[in-house]
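Remarks on the structure that follows.
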Amino acid sequence: MSKRPKSNNTSSSSSPLVYSTDPAYKLPIEEEEAKATLAPQDQLLRIILETKHRAGKTVTIVYGFEGTEEAMLELSKALKNHCGTGGAVKDGEIIIQGDHRQKIFQYLKQKGYQKAKL
């Protein structure tokens, strides 16, 4: 337990602006770039097996998906259900626990991802 008093600073803004004397100044609004999800036949997906940096555990990684985060989460959920295992989405990669390369490859081909490669 920390003995330091908690700060009452509720400002969680990451803006570099500290103070402005201009009464008409408005902070620039950052617009997120809208990603369009490519059609399954246009997706170039790669399926790899990895054990490094995972405490010896084997995981199957699907990377190369181009689209929205929601579409990636949807595909991840479908793959996890098909393989009957857990997984996650991190840094634009779909991580499935265990060695399921062939099962994932067959599922993606069935769903129209013709450019998927092992």
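Per-structure values
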read-out	value
Long-range HN-HN contacts of Ala116 with modeled amide H, under 5 Å	Leu45
Other-chain or far-sequence residues with amide H under 5 Å of Gly87's (modelled H)	Gln97
For region 98-108, 3J(HN,Hα) per residue [Karplus equation, 6.51 cos²θ - 1.76 cosθ + 1.60, θ = phi - 60°, Hz, x = Gly/Pro]	x, 8, 10, 4, 5, 5, 5, 4, 5, 5, 5
Long-range lysine pairs (8 or more apart or interchain), region 55-118, Cα under 18 Å	14
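Each value in this text was obtained by applying a stated rule to the coordinates, not by laboratory testing. Source: prediction; values computed, not measured.
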